[in-house]
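Structure record follows, encoded as structure tokens.
The values are calculated or read from the model by the stated rules, or taken from the named source; none is laboratory data. From a predicted model like this one, the values you see are computed outputs, not experimental measurements. With ideal geometry, Cβ positions are generated from the backbone for all residues, glycine too; neighbour counts draw on all protein chains shown. For accessibility, only protein heavy atoms count, side chains too; no ligands or nucleic acids. Shrake-Rupley method; radii C 1.70, N 1.55, O 1.52, S 1.80 Å.
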Amino acid sequence: MDILNKKGHLEIICGSMFSGKTEELLRRLKRAEYAKQNILTIKHQIDDRRKSTYITSHNGQERSACNVNNEQENINKILELAQDVHVIGIDEIQFFPTSIIEIICKLIEKGKRVIAAGLDLDFRGVPFGIIPTVLAIADEVTKLKAICVICGKDAHHTQRLVNGNPAKYDDPIILVGASECYQARCRNCFQIDKTAQFYLNKKTENINL
Ligand code: TMP
Ligand code: MG
Ligand code: ZN
């Protein structure tokens, strides 16, 4: 079968931190590799938690990846890099600029299978960056859940803690880190300050207009 003569598709793996998104991405890429398909793996430069040219999961699995930043030149380069590949895996899709959406659409048109993993919500519980758009255009969405560290129920949120306290609503959205400043929490145990609640209510009002 000539995969390159058909349109491709987009798979999104989303969820909170510690839900196994990167592990699931790596699992899918590994399966494609077993089938002798060519793979391009991409990560965002912001994520410098471990080695800069690897994507790594919380359980220590890793895979070498091209490091891309927000510069348009870099984003466009993905098309070139993907020329002879069947599958493109992108980790931390929430960090990428809007311009990557056009690139993803072009890749799909060219017959590529694009698999992207990322956070659906930021620490405030608000959809993260381009996530709403990529979820809307995706062919397939997998929403993973972590386990709440407080009560053991399914965790929907990522709680950011600063010196053991819930982060402030207007803190910077991007703060790279792992269990030293983030926890998976269910809706009940997730803590959000009053300002945030006010903001969310306002948003809902606007949507209903
Ligand atoms: P992970 O989903 O692979 O665990 O990684 C998520 C990364 O995103 C991690 O470096 C922490 C970062 N992050 C933010 O920058 N802002 C946020 O609001 C949240 C929840 C995570
Ligand atoms: Mg991850
Ligand atoms: Zn809980």
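Annotations
- Value of [θ]222 nm, deg cm²/dmol, for the chain, DSSP H segments ≥ 4, -39500 (n - 2.57) each, nearest 500: -8500 deg cm²/dmol
- Over 29 Å (Cα to Cα) - which of Lys36/Lys153; Lys6/Lys30; Lys112/Lys168; Lys21/Lys77; Lys112/Lys153; Lys110/Lys145 fall in this group: Lys36/Lys153; Lys112/Lys168; Lys112/Lys153; Lys110/Lys145
- Note that segment 179-186 has calculated 3J(HN,Hα) couplings of 5, 5, 9, 9, 9, 7, 9, 6 Hz, one per residue in order, obtained from phi through the Karplus relation 6.51 cos²θ - 1.76 cosθ + 1.60 (θ = phi - 60°); glycine and proline are x.
- Pairs of Cα atoms farther than 24 Å apart, the chain, %: 43 percent
- Computed from Cα positions, the angle between helix 21-34 and the longest principal axis of the chain comes to roughly 10 degrees.
- Using alpha-carbon coordinates, inclination of helix 99-109 to the longest axis of the chain, degrees: 40 degrees
- Per-peptide average of other Cβ atoms within 10 Å, ordering 114-122, 177-185 highest first: 114-122, 177-185
- Phe95 contributes about 30 Å² of solvent-accessible surface, heavy atoms of the protein only, 1.4 Å probe.
- Taking amide H positions as modeled 1.01 Å from N, with prolines and chain starts lacking one, the residues under 5 Å from Gln45 and 5 or more places away or on another chain are Val68, Asn69.
- For a 4.7 Å threshold on C-beta separation, the list of partnerless cysteines in the chain reads Cys14, Cys66, Cys105, Cys151, Cys181, Cys189.
- Rounded to the nearest 10 degrees, the angle from helix 194-208 to the longest Cα principal axis of the chain is 60 degrees.
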